[in-house]
1. Out of the residues in region 37-95 meeting the condition of being assigned to a helix (DSSP H, G or I) and among the acidic types (Asp, Glu), tell me which one is nearest to residue 107 (Cα to Cα).
2. Please work out which one of (1) within 16 Å of the chain's Cα centre (by Cα); (2) at pLDDT 95 or above is the condition residue 104 fails and give its number.
3. Looking at region 1-47, which of the residues that are among the hydrophobic types (A, V, I, L, M, F, W, C) and touching a strand residue (DSSP E or B) at 6+ places or on another chain (Cβ under 6 Å) is modelled with the lowest pLDDT?
4. Return yes when residue 72 is at pLDDT 90 or above and among the charged types (D, E, K, R) and no when it is not.
5. Against the condition under 19 Å from the mean Cα position of the chain (by Cα) and surrounded by fewer than 13 Cβ atoms within 10 Å (Cβ to Cβ), how does residue 110 come out, does it pass?
6. Tally up the residues in region 59-77 that are loosely packed, with under 13 Cβ neighbours inside 10 Å and farther than 30 Å from residue 91 by Cβ, please.
7. Quick one: would you say residue 52 is among the aliphatic types (A, V, I, L, M), surrounded by 15 or more Cβ atoms within 10 Å (Cβ to Cβ), modelled with pLDDT under 90 and under 21 Å from the mean Cα position of the chain (by Cα)?
8. I'd like the full set of residues that are surrounded by 15 or more Cβ atoms within 10 Å (Cβ to Cβ) and part of a helix (DSSP H, G or I), limited to region 21-30.
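The values are calculated or read from the model by the stated rules, or taken from the named source; none is laboratory data. Just so it is clear, the structure is predicted and the values come from calculations on it, not from any experiment. We place every Cβ from the backbone using ideal geometry, glycine too, and count neighbours over all the protein chains shown.
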Amino acid sequence: MEKQETVGKLKVADIDKKVVELSKEGNSSEKIGLILRDKYGIPRVKLYGKKIEKILKANNLEANSEFHNIQRKTEKLKKHFERNKHDYSSKKSLIKNTGRVNRLKKMLYPVK
């Protein structure tokens, strides 16, 4: 796959700037990809050789979207389980997701 000079309405150099700008506005990497696709006609940022996550890491912006998504899901499950004490399937799901959060936390933020 060859790197392209322009992708959609933006030039390759402008895509990095746009990704950083969208991230600073508070958008996750998934949301940034959707915005670039819908507003700027860029089907995939990967077409020109970089991934959104790599661009964010290069600019020292947080890119642990998987961790944050699982954390949000766990918080929603906690609220649901507090209201519905006898929903045992949600309890099992809460236990699984809490374990995932703890594993990812150990992996991403090791204690020194």
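1. It comes out as 66.
2. If we test residue 104 against (1) within 16 Å of the chain's Cα centre (by Cα); (2) at pLDDT 95 or above, just (2) comes out false.
3. Applying the first criterion (among the hydrophobic types (A, V, I, L, M, F, W, C)) to region 1-47 yields 1, 7, 10, 12-13, 15, 19-20, 22, 32, 34-36, 42, 45, 47.
Filter again for touching a strand residue (DSSP E or B) at 6+ places or on another chain (Cβ under 6 Å), leaving 42, 47.
Working: 42: 88, 47: 81.
Looking at the filtered set, the residue picked out is 47.
4. On the way: at pLDDT 90 or above: yes; among the charged types (D, E, K, R): yes.
Judged against the criteria, residue 72 is a match.
5. Numbers: under 19 Å from the mean Cα position of the chain (by Cα): no; surrounded by fewer than 13 Cβ atoms within 10 Å (Cβ to Cβ): yes.
Answer is no for this residue.
6. 2
7. Working: among the aliphatic types (A, V, I, L, M): yes; surrounded by 15 or more Cβ atoms within 10 Å (Cβ to Cβ): yes; modelled with pLDDT under 90: yes; under 21 Å from the mean Cα position of the chain (by Cα): yes.
Yes.
8. Keep residues of region 21-30 that are surrounded by 15 or more Cβ atoms within 10 Å (Cβ to Cβ), which gives 22-23, 27-29.
Matches in region 21-30: 22, 23, 29.
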